[in-house]
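Asks: Provided herewith is a single structure, encoded as structure tokens, for subsequent inquiry.
Laboratory data are not the source of any read-out in this text; all were calculated from the coordinates shown. Not measured: the values here are computed from a predicted model. For neighbour counting, all protein chains shown are included, and Cβ atoms are generated from backbone atoms with ideal geometry for every residue, glycine included.
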Amino acid sequence: MSPLKSNIESFPCVSEDYIRGLNQSVVAAPVVSASRKRVLIEKIKGLLKQQDAVLVAHYYTHNDLQELAEATGGFVSDSLDMARFGNEHPASTLLVAGVRFMGETAKILNPEKRILMPTLQAECSLDLSCPAETFVPFCDEHPDRTVVVYANTSAAVKARADWVVTSSIGAKLVKHLHERGEKILWAPDKYLGSYIQKVTGADMLLWQGFCVVHDEFKSGELEKLRQKHPDAAVLVHPESPDEVIAQADVVGSTTALINAVNQSTAEKFIVATDNGIFYKMRQVAPGKKLIEAPTGGSGASCSSCAHCGWMAMNGLENIATTLEQGCNEVTVNEDVRVKAYQSVKRMIDFSKTL
Ligand code: SF4
């Protein structure tokens, strides 16, 4: 029996339906008119300067936010590079547009800085599916395993881990640990864990968390779309189901997929990740055609779409309010932070060796 199969029966995970329900109740940031947008952008630019703040945005946030981050000396990236940038930038306040674990990671690395977020309600289904209350005892039941957790986890889960990783270095780190003879306890994403297990051959015990966005990509519909566009390269984020990953020309982190669009000789791409990434893909390869991988069709739920509802909670209005009022500050218990820092710092140091 594979390490993956042996784990499933006794798994202490949160109900997928419960998490999907939470995601469906999310309210996106309001769409603003062109004139209001101009006013807000000017206001935010002024407030960023006045408060010695820098805007760090994830690839999955709205185009307006990514544009604004770049226009004001901030940064747009995946969670690993957001953390690195925030750590190296001299600003005393980091305004993190993304989801809660990204703000917490910024605080873990920068305890002396003020970390603000446009909203503190933006969750991540991977984080929600791996509560520390059940994860910590699960780890304690497997003391022979090295605990490796994905960045999409709470500070408390990171504090229990030996290592934190992002999708850009997950396989490389697990390979490294496997070569040292270590057995892994992986959390929370079951698909990413399964993919890394296949690629590295490592002995991995997998937590059964999932991403509400990537879980919606449909392999049957993707096959039909590939037949319609046989010249398109298929780019897949490894948080997607195994049958979707199996059809990929490139499997990789958000940054790896953007690089693939830029460097590939293909002119057309079917992209299986959050469609917020199209902003950056169009920027690096303006002439290329991008097609969303299908989330509809057989097995689709009423909430199927290729965009994260929690990421969509970040908007210009709540950025302006946050800066103006100094609200939505991220705090992390200091004992937890100190422990979580060790595993996050290990990831950053390991990434420098690659
Ligand atoms: S897209 Fe998925 S993994 Fe990313 S923040 Fe949203 S729920 Fe979490």
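Asks: Hey, which lysines would be in cross-link range of residue 228, C-alpha to C-alpha under 22 Å, not counting anything within fewer than 8 residues on its own chain?
Replies: 218, 268, 288, 289
Asks: For the chain, what is the Kirkwood estimate of the hydrodynamic radius, computed as the reciprocal of the mean inverse distance between distinct Cα atoms, to one decimal in Å?
Replies: Result for the chain, one decimal place: 20.7 Å.
Asks: Excluding residues fewer than 8 places away in the same chain, name every one of the aspartates and glutamates whose C-alpha is closer than 18 Å to that of residue 183.
Replies: By straight Cα distance, residue 183 reaches 140, 141, 144, 162, 203.
Asks: Roughly how many Å is it from the Cα centre of segment 32-92 to that of segment 321-354, as a whole number?
Replies: Distance between centres, Cα-based: 18 Å.
Asks: Around residue 41, what is the net charge, scoring Lys/Arg as +1 and Asp/Glu as -1 over all other residues with Cβ under 10 Å from its Cβ?
Replies: +2
Asks: So if each residue of separation counts as 0.36 nm, and I subtract the Cα-Cα distance between residue 291 and residue 333, what length gain in nm does that give?
Replies: Extra length from residue 291 to residue 333 when fully extended: 10.8 nm.
Asks: Could you work out the relative contact order of the chain, using alpha carbon pairs under 8 angstrom and six or more residues apart, expressed as a whole percent?
Replies: Values: 696 pairs, mean separation 82.9, N = 354.
Relative contact order here is 23 percent.
Asks: Can I ask one more? Mind sorting 92, 168 by how few other Cβ atoms lie within 10 Å of their own Cβ, fewest first?
Replies: If I rank by nearby Cβ atoms, fewest first, I get 92, 168.
Asks: I would also like to ask the following. For segment 214-292, go through all pairs of different Cα atoms, get the mean of 1/r, take its inverse, and jot down that Kirkwood value in Å.
Replies: Numbers: mean 1/r = 0.0816 Å⁻¹.
About 12.3 Å for segment 214-292.
Asks: Which FRET efficiency, nearest 0.05, do residue 34 and residue 353 yield, Cβ-Cβ r, R0 51 Å?
Replies: It comes out at approximately 0.60.
Asks: Using alpha carbon centroids, what distance separates segment 160-185 and segment 242-274, in Å?
Replies: Distance between centres, Cα-based: 23 Å.
Asks: Gain in length, residue 121 to residue 284, computed as 0.36 nm per residue apart minus the alpha-carbon separation, to one decimal in nm? Intermediate values should be presented prior to the final figure.
Replies: Working: separation 163, 0.36 × 163 = 58.68 nm, distance 3.14 nm.
Once the chain is fully extended between residue 121 and residue 284, it gains 55.5 nm.
Asks: Where does each of 54-66, 194-206 land if you order them by average Cβ count within 10 Å, highest first?
Replies: Ranked by mean Cβ neighbours within 10 Å, highest first: 54-66, 194-206.
Asks: Okay, next question. Please identify the trypsin sites (Lys or Arg not before Pro) of segment 201-288 that satisfy two criteria: DSSP loop assignment and at most 16 other Cβ atoms within 10 Å. Which are they?
Replies: Loop-located and lightly packed - 288.
Asks: Which value in deg cm²/dmol, rounded to the nearest 500, describes the helix-derived mean residue ellipticity at 222 nm for the chain, given -39,500 (n - 2.57) per DSSP H run of n ≥ 4 and division by the residue count?
Replies: So the calculated ellipticity at 222 nm is -13000 deg cm²/dmol.
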